[in-house]
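The next block holds one structure in the form of structure tokens; read it before the comments.
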Ligand code: CP
Ligand code: NVA
């Protein structure tokens, strides 16, 4: 394998939204991801972050994000610290600013998963080290970088692909809009009336799409979205923090389930994605998620590789 040169333009930057990066930079993350994935497949050392430490703040649950970041930093030669927000002084009133300034004296990077997107922006403002967004109520950029890398592996391109997202206009749908807009992939969000994605995100994504040629749509009919789609994507109907609405949403999202009948209306070689965790029998049936068109565990794996690339790009050197 040829040696890897990291684009110095990433060094020290935060990774909070795909919207903040150019199409070339998104492609650079994928180039580094491919290199790292192959290194890992060959079990060859690739300690680009030798001796560096990543703090991982969680105020919400996680399986994939926690494990993939912790294993990822380890494989890069660094060390990951799991920091439950319950145990930090943050919970007892220490400000985000003071937390950021303190952690910046110990660590080389911070990954945070939390509710309010503004908290991540504030953390990044006060920290002197890179901050990586591991999910907020608004965005889930690392997820969508892993998803787009998976689509690239499966389809050989991103530009011109059609992705149909069926479900809630949530954080994942927002990052899909930003991601599609950057790389020229059409994204149609199909959601029940009242559950549309944030209008400001749609507006910003449409501005990005002017450069890439992506067509971004929001509709209320799943069949309209799925027709001619290369990728079907779904996520839980009630995201973390919305547990109280679970029952109401179960009723209002009836008809927004990816089942075999809906899948049959997409292209015959369409792939099915889900960021996981899935509520089987709600937004997706067992038959589809376990079926031959599903790539959900490839997506989960690629979180590891793409996040290693992001960490290496922003934290190395
Ligand atoms: N997809 C995702 O972020 O999974 P976790 O909530 O398990 O981290
Ligand atoms: N939309 C989901 C994604 C989980 C990875 C949530 O925020 O709970």
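Every read-out reported here was derived from the displayed coordinates using simple, explicitly stated rules and does not represent laboratory data. Small disclaimer: the values here were computed from a predicted structure and weren't measured. Neighbour counts are summed over all protein chains in view; Cβ atoms, including those assigned to glycine, are modelled from backbone coordinates with ideal geometry.
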Inset, instruction - State the Cα centre-to-centre distance between the stretch 265-291 and the stretch 40-97 in whole Å. - result: 30 Å
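First check a/c for the stretch 218-305, with a ≥ b ≥ c the square roots of the eigenvalues of its C-alpha gyration tensor; if it is under 1.5, answer rounded, and if not, answer prolate when a/b is larger than b/c or oblate otherwise.
oblate
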Inset, instruction - Please find, in a Gaussian network model of the chain (springs between Cα atoms separated by less than 10 Å), the residue of 69, 253, 178 whose mean-square fluctuation is greatest. - result: 253
Legend entry - For 233, 79, order by how many other beta-carbon atoms lie within 10 Å, fewest first: 79, 233
Legend entry - For the stretch 178-240: rounded, prolate or oblate by the Cα gyration tensor [a/c cutoff 1.5]: oblate
Legend entry - Nearest 10 degrees, 0 to 90: helix 117-126 Cα axis against the chain principal axis: 20 degrees
Legend entry - Gaussian network model of the chain, springs between alpha carbon atoms under 10 Å - residue of 23, 118, 89 with greatest fluctuation: 89
Inset, instruction - Divide, for the chain, the radius of gyration over alpha carbons by 2.2 N^0.38 Å, where N is the residue count. - result: 0.97
Inset, instruction - Pairs of Cα atoms under 8 Å, at least six residues apart: use those to get the relative contact order of the chain, whole percent. - result: 20 percent
Inset, instruction - Measure nothing but the geometry: give the 0 to 90° angle between the long axis through the Cα atoms of 199-212 and the longest principal axis through the Cα atoms of the chain, rounded to 10°. - result: 90 degrees
Legend entry - Segment residue 115-residue 79, extension gain: residue separation times 0.36 nm, minus the distance between their alpha carbons: 10.4 nm
Legend entry - Shape of the stretch 249-294, Cα gyration tensor, a/c cut at 1.5: oblate
Inset, instruction - Kindly provide the helix-only [θ] at 222 nm of the chain, computed as the sum of -39,500 (n - 2.57) over DSSP H runs of four or more divided by all residues, to the nearest 500 deg cm²/dmol? - result: -13000 deg cm²/dmol
Inset, instruction - Taking only Cα atoms and a 10 Å spring cutoff, compute GNM fluctuations for the chain and point out the largest among 174, 279, 140. - result: 279
